[in-house]
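The values are calculated or read from the model by the stated rules, or taken from the named source; none is laboratory data. Not measured: the values here are computed from a predicted model. Here the Cβ positions follow ideal geometry from the backbone for every residue, glycine too, while neighbour counts run over all protein chains shown.
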Amino acid sequence: MTESPPPVRSDRSPWNWLLILPFALPLLPFLFNADEPRLLGLPLFYWLQLAYIAVGVTSTTVVYRMTRRRSGR
Amino acid sequence: MSEHITEIIVFSVLFLIVSGMGFVAARWRRADNLDSLNEWGLGGRNFGSWITWFLVGGDLYTAYTFVAVPALLFGAGATGFFAVPYTVIVYPLVFLVLIRLWSVSHVHGFVTPADFVRARFGSPTLALLIAITGIVATMPYIALQLVGIEAVLKAMGVTGHLPIVIAFAILAAYTYQSGLRAPALIAFVKDTLIYIVIIVAIIYIPARLGGFGAVFDAAQAKFDATPAPNDGILLNAGNQLQYVTLALGSALALFLYPHSITGVLASRSRNVIKRNMSALPAYSLLLGLIALLGYMAIAAGVQPIGKDNNTIVPLLFDQMFPDWFTGVAYAAIGIGALVPAAIMSIAAANLFTRNIYREYLKPDATDAQEARVSKLVSLVVKVGAVLCILFLDLQFAIDLQLIGGVVILQTLPAVGLGLYTRWFHRGGLVAGWVAGMGAGVVMLYNIPNPATGKEHFGGSAFSLGNLGLDTTVTVYAGLLALIVNLVVAVVATVICRRAGMSDGPDATRPDHYLADAGDPRVKDLDLAAPH
């Protein structure tokens with residue numbers, strides 16, 4: 001017999017571009033390779049890279065929520 | 001050793017409790033029987049968000065990482081902090097890729113990355129290469145987990161290899177019995193302990209040392225006093241590119257490791273994976289804080305045992321914490337070694353079973369036979385890891401792991417790009433793999449380490465000066481090898497096509513990469529269609 005046509009789906013979404021942000025920021029050392037300003041005693045190099053974790057979490061969460069498949073699709 | 005008696009008791013009790021859990025895990029989320037790779041090797045392919053989070057987190061952030069990363073900061077400074085950008089960029093990088101791998105594996109029942117390559121490119125040879133690469137890259141990684149346990153034992157004054165052999169024998173026994181359910185259950189305890197220890201450490205230790213400002217100033221003073229040009233609490237012109245390329249290369253490699261893929265394929269649905277890509281960075285934060293323990297050790301004046309920098313974190317805990325809490329911290333590191341070691345041995349065993357045993361030795365193997373072979377191979381793999389530590393220099397395992405990161409990256413064109421494009425010819429991918437492997441190993445061989453007096457395999461920072469460029473800039477060797485791999489794969493693909501060489505059939509369809517939980521699998525489709 002013939003197979004039933006697969007449901008029309010896609011992983012494409014403009015929201016996916018948001019993932020570039022946490023990918024690119026940590027790869028640009030001129031943004032964070034400095035001592036001052038310090039935060040709680042941590043040099044910029046350390047606290048800013050730790051802060052990028054929050055950027056990563058935010059971006060992936062937004063993309064997940066905005067591209068989540070609704071039931072029945 | 002007698003002054004560490006409280007620590008040893010706490011450590012032993014926690015270790016035994018966890019081992020008991022490992023054996024009980026066979027009954028957890030009980031299946032009808034464990035006699036298939038879907039059950040033994042992938043825990044029933046039904047783990048939800050929480051279990052996956054603990055499992056993959058416990059899998060990727062290993063005991064070795066928790067010991068070695070602060071050791072790097074202790075020894076060299078800012079370059080060791082690459083682990084943070086590495087684990088920040090990896091999740092957005094693989095967010096869209098892993099769900100495709102999950103879908104196509106769900107539809108076809110793939111257990112290993114080599115299974116996928118076999119079906120996608122119709123080439124058992126290419127699949128064999130991918131499988132062997134995976135096994136070779138994983139073996140030393142398992143051996144390195146022992147380093148984490150050994151560092152803790154050293155700090156407790158326990159000498160000799162017997163305790164490690166016992167620990168691994170217990171691990172081997174419950175992995176054999178319970179499969180992936182064992183590390184999944186143990187991961188809950190391990191990670192809870194680690195989170196508690198690190199949160200306490202990160203608040204309590206700097207307070208005793210006069211705050212983070214004082215900690216960083218002490219570290220800077222130490223690096224200023226050494227003659228080495230590339231240490232310091234910031235990067236310099238010579239190692240910035242190395243820092244960035246190492247973070248990128250490591251991120252590209254992470255989810256090519258068979259044990260990472262095992263954790264991903266064990267999850268229930270695409271949404272579980274996506275949610276985890278947002279939640280796993282909690283471990284990155286933990287890792288970043290752990291890394292700073294290296295500087296705290298400097299400020300606290302910790303001297304490593306022998307020349308083994310891996311002992312500084314255990315020693316720092318011993319110096320700062322009351323004995324009973326030091327015991328808890330040591331148990332966290334020791335148990336932390338068991339989770340990844342179990343998953344890695346399962347992943348390596350699955351590769352052998354699916355892509356060597358079933359492909360070449362017994363093509364008509366039943367599910368039960370596959371499961372039995374995998375269980376036995378998981379034992380062999382762990383025995384191999386212990387022998388490696390007993391009879392070979394520890395440095396050998398560390399060298400091999402360094403090579404492992406570079407070689408696993410060479411599977412990216414087939415496994416990673418293969419999820420998106422079928423453009424490559426199987427001959428081209430084989431040629432690229434050979435070239436990338438060759439280039440990678442040659443580069444690593446030619447990297448000396450003046451600090452330790454090693455002439456070869458002294459690190460992964462390849463100096464561009466070696467290529468005739470007038471510079472001291474260094475780059476991660478794995479990324480350079482991957483570029484060689486890709487160029488050769490593209491050229492060889494064009495040549496294969498022009499020469500009219502036959503290409504393998506593709507058993508996957510575009511919609512297979514978008515399938516979700518509840519969609520029909522290929523076996524179901526076969527049954528529905530008349531023959």
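Scanning region B:458-481 for residues that are farther than 17 Å from B:ASN230 by Cα and touching a strand residue (DSSP E or B) at 6+ places or on another chain (Cβ under 8 Å), we see that the one that is modelled with the lowest pLDDT is B:ALA477.
Contact annotation: residue pairs with Cβ atoms under 8 Å, 6 or more positions apart or on different chains, pairing a residue in region A:40-63 that is more than 7 Å from chain B (Cβ to nearest Cβ) with a partner that is surrounded by fewer than 16 Cβ atoms within 10 Å (Cβ to Cβ) and aliphatic (A, V, I, L, M), are A:LEU44/A:ALA34; A:TRP47/A:LEU39; A:TRP47/A:LEU40; A:LEU48/A:LEU31; A:VAL55/A:LEU21. When region A:8-20 is filtered for residues that are assigned to a helix (DSSP H, G or I), at the interface with chain B (Cβ under 8 Å from one of its Cβ atoms) and not polar (S, T, N, Q), the ones remaining, listed by number, are A:LEU19, A:ILE20.
Residues that are more than 11 Å from chain A (Cβ to nearest Cβ) and closer than 26 Å to B:ARG29 by Cα do occur in region B:248-259.
Across region B:485-517, the qualifying residues are those that are within 14 Å of chain A (Cβ to nearest Cβ) and touching a residue at least 60 places away in the same chain (Cβ under 8 Å), and the one among them that is farthest from B:LEU96 (Cα to Cα) is B:THR508. Scanning region A:20-73 for residues that are on the phi < 0 side of the Ramachandran plot and among the small types (Gly, Ala, Ser) yields A:ALA24, A:ALA34, A:ALA51, A:ALA54, A:GLY56, A:SER59, A:SER71.
The requirement of being in a helix (DSSP H, G or I) and either farther than 26 Å from B:PHE95 by Cα or in contact with a Ser or Thr (Cβ under 7 Å, 6 or more places away or on another chain) (or both) is satisfied by B:PRO206. If the condition is being polar (S, T, N, Q) and either in a helix (DSSP H, G or I) or closer than 22 Å to B:GLU150 by Cα (or both), then region B:44-93 contributes B:SER49, B:THR52, B:THR62, B:THR65, B:THR79, B:THR87. The condition of being under 30 Å from B:ILE398 (Cβ atoms), surrounded by fewer than 24 Cβ atoms within 10 Å (Cβ to Cβ) and touching a helix residue (DSSP H, G or I) at 6+ places or on another chain (Cβ under 6 Å) holds for only one of B:GLY160, B:GLY75, that being B:GLY75. On the stretch given as region A:36-59, residues that are modelled with pLDDT under 90 and either crowded, with 17+ Cβ neighbours inside 10 Å or in a helix (DSSP H, G or I) (or both) total 0. Taking the criterion of being touching a residue at least 24 places away in the same chain (Cβ under 8 Å) and either of a type in the set (Gly, Ala, Ser) or surrounded by fewer than 22 Cβ atoms within 10 Å (Cβ to Cβ) (or both), the residues of region B:18-32 that qualify are B:SER19, B:MET21, B:GLY22, B:PHE23, B:VAL24, B:ALA25, B:ALA26, B:TRP28, B:ARG29. Would you check if B:LEU126 is crowded, with 24+ Cβ neighbours inside 10 Å and either in contact with a Cys (Cβ under 7 Å, 6 or more places away or on another chain) or outside any loop (DSSP other than H, G, I, E, B) (or both)? Yes. Give the residues of region B:246-261 that are at pLDDT 90 or above and of a type in the set (Ser, Thr, Tyr), sorted by residue number. Scanning region B:246-261 gives B:TYR257, B:SER260.
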